[in-house]
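The structure under discussion appears below in the form of C-alpha cells.
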Amino acid sequence: MDKKFKLFQTVVLNSNEYKQYDVKKGDIGTILDIYMDGHYEVEFCDENGATKLMQAFSETELLCKEKNN
C-alpha cells in the first residue's frame, strides 16, 4: 500500500483535537515513523526545538506542507 507521506517529511496538522498540548490546526510537524496501519508518528516542537507533542496521527489529520513555505 502506498503511503501519502514519507519519513522525515514536514507536515501540517489538520485537526484541533490537540489544543491541550499547545498544538493546533496549522502547526508544522515532522514524520518520525510510518506504521503499517496507516498512522504516522509525528513530532511537533516549540520555537526553541523542545517537543510539545509526539504521537501517532491518522493520515486524515495531516496535510502536505507546501514546498515553497
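Would you call LYS65 of a type in the set (Lys, Arg) and either in contact with a Pro (Cβ under 7 Å, 6 or more places away or on another chain) or open to solvent by 80 Å² or more (accessible area, probe 1.4 Å) (or both)?
On the way: of a type in the set (Lys, Arg): yes; either in contact with a Pro (Cβ under 7 Å, 6 or more places away or on another chain) or open to solvent by 80 Å² or more (accessible area, probe 1.4 Å) (or both): no.
In short, no.
Quick check: anything in the range 28-41 without any contact (Cβ under 8 Å) to a residue 24 or more places away in the chain, of a type in the set (Ser, Thr, Tyr), touching a Phe, Trp or Tyr at 6+ places or on another chain (Cβ under 8 Å) and open to solvent by less than 100 Å² (accessible area, probe 1.4 Å)?
The answer is yes, given that some residue of the range 28-41 is without any contact (Cβ under 8 Å) to a residue 24 or more places away in the chain, of a type in the set (Ser, Thr, Tyr), touching a Phe, Trp or Tyr at 6+ places or on another chain (Cβ under 8 Å) and open to solvent by less than 100 Å² (accessible area, probe 1.4 Å).
Just the residues that are farther than 15 Å from MET54 by Cα, over 12 Å from the mean Cα position of the chain (by Cα) and of a type in the set (D, E, K, R), please, taken from the range 1-34.
Answer for the range 1-34, where residues must be farther than 15 Å from MET54 by Cα, over 12 Å from the mean Cα position of the chain (by Cα) and of a type in the set (D, E, K, R): ASP2, LYS3, LYS4.
Return the pairs, sorted by first residue and then second, in which the second residue is of a type outside the set (D, E, K, R) and not in a strand (DSSP E or B), the first residue lies in the range 47-59 and is open to solvent by 50 Å² or more (accessible area, probe 1.4 Å), the beta carbons are less than 7 Å apart, and the residues are 6+ apart or on different chains.
The qualifying pairs are LYS52/TYR21; LYS52/VAL23; GLU59/GLY38.
The values are calculated or read from the model by the stated rules, or taken from the named source; none is laboratory data. What you see is a predicted model; the values in this text were computed from it and never measured. For neighbour counting, all protein chains shown are included, and Cβ atoms are generated from backbone atoms with ideal geometry for every residue, glycine included. Just the protein is used for accessible areas: all its heavy atoms, side chains included, with ligands, DNA and RNA removed. Shrake-Rupley method; radii C 1.70, N 1.55, O 1.52, S 1.80 Å.
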